[in-house]
Structures are given as C-alpha cells and as structure tokens.
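Some notes on the structure that comes next.
The values are calculated or read from the model by the stated rules, or taken from the named source; none is laboratory data. Fair warning: this is a prediction, and the values are worked out from it, not measured in the lab. All Cβ positions, glycine included, derive from the backbone under ideal geometry; neighbour counts span all protein chains shown. Accessible surface is based on the protein model in full, side chains and every heavy atom, while ligands, DNA and RNA are left aside. Shrake-Rupley method; radii C 1.70, N 1.55, O 1.52, S 1.80 Å.
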There are 2 protein chains.
Amino acid sequence: MASPTEENYLKALFNLKDEEGKVSISELSSTLEVSMPTANSMVKNLLKKGLIIYEKYKPIELTEEGKKMAALVIRKHRLTEMYLAEKMGFGWEEVHDIAEQIEHINSPIFFERMDKLLNHPKIDPHGSPIPNAQGIIADLKHKPLNEHKPGDAVKLAALAHSSTEFLDFLNSRNLKLGTEINVISVEPFDGSMVVSYNDRKSEGLSAKVCERLLVEFL
Amino acid sequence: MASPTEENYLKALFNLKDEEGKVSISELSSTLEVSMPTANSMVKNLLKKGLIIYEKYKPIELTEEGKKMAALVIRKHRLTEMYLAEKMGFGWEEVHDIAEQIEHINSPIFFERMDKLLNHPKIDPHGSPIPNAQGIIADLKHKPLNEHKPGDAVKLAALAHSSTEFLDFLNSRNLKLGTEINVISVEPFDGSMVVSYNDRKSEGLSAKVCERLLVEFL
DNA sequence: GTATTTAGTTAGATTGATATAACAAATGTT
DNA sequence: AACATTTGTTATATCAATCTAACTAAATAC
Ligand SMILES: [Mn+2]
Ligand SMILES: [Mn+2]
Ligand SMILES: [Mn+2]
Ligand SMILES: [Mn+2]
C-alpha cells in the first residue's frame, strides 16, 4: 500500500498535471514543500513501484495504475470535504486542511459509508468532481467567468483554485456555488468585471477572481 | 507535539496502568506489537520529553503531563467511536479500528465539532468514559456481573474489554448497553451464570463473559 | 555560440521507528 | 544457594523521509 507521503505525491502529480500540463521535479518539490532532492528520491521510489514513468531531466507522468491510485486518494479527500461541509457544518474554507489528513485513513468501509450518507455526491464543496470508486473522474468542463461577455447570465459551479484566502474573499462577497451571476461589463484594460447577483446590483471583481470562478450557462 | 507513534504509546501506558497496575517494557511491547528494544527506545524518548518517569528495570509511570496527553488521545479515540456509532451507523464492533487511526488527526475544531454534534457524550459505545477537554476522566466504578448474586437485577453499563470477538458474541446474544439483566443462578464450580433479559428466559454466560460485563444496580 | 541562470542529480548526513543478536539483570524453581 | 527462565538493555543495522552541499545538465540571455 501507499504511505501517506506517497499518497500526497500521487495526488500532487495528478493535480499538477491537470493545472500545468507537464510536471517537473521543482514544481513537485514546491507544491509539497520539500527540497528538490527529496522530491527526486521519492520520484525514484514511485518509479520503482511502477506508479510513474520517468527519465532523468524529463517530465514526470503517472502510469495508469498511478493515475488510479491518485484518483482514489482524491476521492477520499473530496468525499471527506463534502462530509465535513454537509454533515458536520464546516464552511468550505475549513474543510481542506482536515481532509488533507483524513484522506490517508485506510478504511474502505469508512469512506463508503460517507459516500452512502451523502447520497453519492458528484462534487465536493468547491465544485470539484469526486472520482468514483473505480477512479474515474468526470470532466465537468466549466468555463471561467472571465471568458464571458456583458449580458451573459451564468451560475457559479466550481472554483479553479480554492485557497483559504480566496474562499474567505468569496464568503465576504456572499458568493456561493449556485449563485446566479449577470455580467454587466468587462474592463478591457485589466480584465476586471462588473457583475450583479442576488440583491447586489453592481459588484466589481478583479481578473484574478474572474479566472477562478468557474461557471455554467443558465 | 506527539507523533502518532508516541500517541499510541501514551495511550497504551495509560490503559495498561488501569488494567494491570504496573506497566513493564514487555507488556508495552506486546500490547503495541513491537519488539522489546523498540519499546525500550521509545520509553527513553518519552522520558527525555518528560512524559514518563522511568528507571532501568523499574515499572514505567506517566507524569502528570503524560497522563493529560494520554487522556486527550483517549478523548479523541472515544469521541470518534461515539461519532461513528451514533452519526454514521457503525456497529460497536466496527468503530475501534477506524478510531485507532482517526485519533491521530491533529485538528481541535474537528473533535470539538464531534463533541458538540453528539451533545457532549460522557461515554463511548462500549460504555467507557470520555475524558473531558482538560483530560479529566470520570471513574464510573461499575462492578462486573460475576460479583452479583442470584436475584440481583442489573443493567449492562459498560464492557471491561472490547475485542471484536467479544462484541460479536454480545451481538449474537442480543446484549447491548442498557439491557436489563436478572441473575438467576451462579454455578459455583466454574463461575458461569444463568441470567434472563428481554424475552430470553434462561441464558448461560461463562465466567469469562460475566467478568467482562460491567453492570450497575437498577 | 558562449556565458549565465535555473533545474536536476548525486553524495552524504540526520531523524524516527523499527528489527536482530548478544549480553545482563531480575525473578522463579527446586 | 544454584540454576533456569524471563525480562530488559545495548549495540548495531535497516528503512523511509527528510536535509545541505557540491556538482552537472538544460535552458535562457546576450
Ligand atoms: Mn481540498
Ligand atoms: Mn494529505
Ligand atoms: Mn476503542
Ligand atoms: Mn492509534
């Protein structure tokens, strides 16, 4: 079985591939906050276990087996986040740090029970898809808000990144998954947008925020 | 902070003291399923950290600080067991193994939330007391069933040991916490008892079972 | 196209948790 | 009391996960 450390590496490799395409040793080491030699030696270890494909100085790739294991760790993480939010009343900004630890619990019945109690949720509290028990992840291909134009009416469906700071920001603006947003204008200079939602007639959102808000058409 | 390994040692020291009085290296090593040199070196480590009192060849004792830390780990364990049983529908025979892992999660808000959602439970699913947040444990001084005599009417309040096998046995006899038991007779030869409870008019229980059933007078 | 910078690797050390082998102390038995 | 058994200790080794220092390959800049 994979140790907690190995699970964290697999998860990081999976997520970085999604976000950045190719994955390098330096990205891995900074993501996991370890030194490059540490990441390098774990990469050799994962290679030996057949979970990645790797040649010196080349990008790191997960094998099919590695992908599946990564997806199952991500499943444990996201199910936990959903459980914490839905059944224990935690805010979406609180769940990640706890899930980062609980994802390493080795107990299939525990996570199956969460899944059942939650009625087999498809997404976590940040709108990210929960892989199924076979390690298959739905691709929910939402578009970021900044790709929309004035007049578009959309619904907040997910977040591209979900740092605590960003989630606190969204809380302060009362933005939640499901919030219906109308695009009023786009500032060509800096890509910021003016939108309305709920009873807020005119809210300015920076380009950085708009890129991270993943929405679907209404 | 204490590592998961250190937490397991503290917990074992605390529980063994309760069950056996003095705690030796060999008891510790067999309880934790490690070699004696391993237990010996961890004892040195805990000594250095001021969590135990120890002199070569003498019994091991927890310091006040060690006792408090042990009690807080036990609190996390028993709160988790109660949460799993009450909120997630696990049987009392399923909760220990999961709690053995979750007890090492480092997140005060997580365990405080469990405590709150459970309405500050005083006991775990096996009737053992849950230490409070200050590390104080109530002494519920129940007596084992085998110390009772024919004619006594008692209520099952806790279990002296709670191995999966024993819990499976109790399930098979439909014995639960709260079950009201009437002592019909005691066999002087082997200490076995005949009792009645619910609609069972005459159930034989071995001495071994009767020692482990902790009851209170009705 | 050489020089500089960045990224990656190797070597070597450390720490925590574990083990086995060998020996020593304490305890139990006759 | 002597011997045998059990318990505990020390010495030494391994393994996973980490680090720093030194070096090398690749990428970028000029
Ligand atoms: Mn998360
Ligand atoms: Mn993690
Ligand atoms: Mn337990
Ligand atoms: Mn444990």
List the number of the failed condition for A:L32; all other conditions in (1) open to solvent by 50 Å² or more (accessible area, probe 1.4 Å); (2) hydrophobic (A, V, I, L, M, F, W, C); (3) within 16 Å of ligand 1 (Cβ to nearest atom) hold. (1)
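Yes or no, residue by residue, for (1) over 30 Å from A:L167 (Cα atoms); (2) in contact (Cβ under 8 Å) with a residue 12 or more places away in the chain; (3) in contact with a helix residue (DSSP H, G or I) (Cβ under 7 Å, 6 or more places away or on another chain):
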site: A:S24; (1), (2), (3): no, yes, no
site: A:L47; (1), (2), (3): yes, no, no
site: A:Y54; (1), (2), (3): yes, no, yes
site: A:P59; (1), (2), (3): yes, yes, no
site: A:K68; (1), (2), (3): no, yes, no
site: A:V73; (1), (2), (3): no, yes, yes
site: A:R78; (1), (2), (3): no, yes, no
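Would you be able to say whether some residue in segment A:164-173 is of a type in the set (S, T, N, Q), within 16 Å of ligand 2 (Cβ to nearest atom), at pLDDT 95 or above and touching a strand residue (DSSP E or B) at 6+ places or on another chain (Cβ under 9 Å)?
Step one: of segment A:164-173, the residues of a type in the set (S, T, N, Q) are A:164, A:171-172.
Narrowing further to those that are within 16 Å of ligand 2 (Cβ to nearest atom): A:164.
Among the residues that remain, those that are also at pLDDT 95 or above are: A:164.
Right, trim to touching a strand residue (DSSP E or B) at 6+ places or on another chain (Cβ under 9 Å) and you get none.
Looking for residues that are of a type in the set (S, T, N, Q), within 16 Å of ligand 2 (Cβ to nearest atom), at pLDDT 95 or above and touching a strand residue (DSSP E or B) at 6+ places or on another chain (Cβ under 9 Å), one finds none in segment A:164-173, hence no.
I'd like the full set of residues that are facing chain A (nearest Cβ under 10 Å) and closer than 27 Å to B:H142 by Cα, limited to segment B:101-116. Can you show your working first?
Of the residues in segment B:101-116, the ones facing chain A (nearest Cβ under 10 Å) are B:101-102, B:104-107, B:109-110, B:113-114, B:116.
B:M114, B:K116, listed by residue number.
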Within segment B:76-97, work out how many residues are more than 20 Å from B:F169 (Cα to Cα) and facing chain A (nearest Cβ under 10 Å). 4
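With open to solvent by 20 Å² or more (accessible area, probe 1.4 Å) and of a type in the set (G, A, S) as the only criterion, which of B:G66, B:G50 stands out? Break it down into steps so the answer makes sense when it comes.
Numbers: B:G66 fails: open to solvent by 20 Å² or more (accessible area, probe 1.4 Å).
So the residue among B:G66, B:G50 that is open to solvent by 20 Å² or more (accessible area, probe 1.4 Å) and of a type in the set (G, A, S) is B:G50.
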Could you list all residues from segment A:125-148 that are charged (D, E, K, R) and under 16 Å from A:R212 (Cα atoms)? A:K141, A:K143, A:E147
Matching entry among B:I123, B:I98 (being under 23 Å from B:L140 (Cα atoms), surrounded by 14 or more Cβ atoms within 10 Å (Cβ to Cβ) and of a type in the set (V, I, T)): B:I123
Can you tell me which of (1) away from chain B (no Cβ under 14 Å); (2) touching a Phe, Trp or Tyr at 6+ places or on another chain (Cβ under 7 Å) is the one A:Q134 doesn't meet? (2)
Please state which of the following conditions B:K143 fails to meet, knowing it meets all the rest: (1) open to solvent by less than 70 Å² (accessible area, probe 1.4 Å); (2) touching a residue at least 40 places away in the same chain (Cβ under 8 Å); (3) not small (G, A, S). (1)
B:E19 of a type outside the set (S, T, Y) and away from ligand 3 (no atom under 16 Å from the Cβ): no
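Can you name every residue in segment B:15-29 that is small (G, A, S), open to solvent by less than 50 Å² (accessible area, probe 1.4 Å) and part of a helix (DSSP H, G or I)?
Taking segment B:15-29 and keeping what is small (G, A, S), we get B:21, B:24, B:26, B:29.
Next cut, open to solvent by less than 50 Å² (accessible area, probe 1.4 Å) only: B:21, B:24, B:29.
Within segment B:15-29, just B:S29 meets the criteria.
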